[in-house]
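First up is the structure itself, then whatever we jot down about it.
Where a number appears in this text, it was derived from the coordinates with a stated rule and is not lab data. Since we're looking at a predicted model, the values are computed, not measured. Cβ coordinates were reconstructed from backbone atoms using ideal geometry, including for glycine residues, and neighbour counts include every protein chain displayed.
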Amino acid sequence: MKKLLIAGLLSCAVAGQASAENLDQETALGMASLMICTTFYAEHDMQIEGVIVGQSMMSHKNAGIEEMIMSKETSQALDQYMKNFQAANKEQQIKICDGAIKFARESTFVKVPE
């Protein structure tokens, strides 16, 4: 599952690319939570929550998150996040996904035009 998530999150990240920016760990984990929780909410018929995280996920993708580079440390944090989510029961997963909704509402990665 991590390979699919990383492929979706950072499909064209090349470490030698001079113009690519580093993806900070908080944003990477936030984006991962959006992707995971979009699926989680769809599987559990939680439509409102699914719309919130789904729209935020697309906004982040459209803002260029896929062109960014992920460090080894961020990759390891992503591994741990995935393990924690997969080991959690449904109630714990709902609490984890509450963090995705918070990220969707508070992320400054997507710049809102003034």
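Database remark: amide H of I69 closer than 5 angstrom to the amide H of E21, N22, L23 (H placed geometrically; neighbours at sequence offset of 5 or more, or on other chains; Pro and chain starts carry no H).
For the stretch 53-64, 3J(HN,Hα) computed residue by residue from phi via the Karplus equation (6.51, -1.76, 1.60; θ = phi - 60°) reads 6, x, 5, 5, 4, 5, 4, 5, 4, 5, 7, x Hz, glycine and proline entered as x.
What shape does the stretch 68-114 take by its C-alpha gyration tensor, where a ≥ b ≥ c are the square roots of the eigenvalues and a/c under 1.5 counts as rounded, a/b above b/c as prolate, and the rest as oblate? Verdict is oblate for the stretch 68-114. Could you tell me which of N89, I69, I101 has its Cα farthest along the dipole of the stretch 56-114 towards the positive end, charges placed at Cβ (Lys, Arg +1; Asp, Glu -1), taken about the Cα centre? Going by the charge dipole, the pick is N89.
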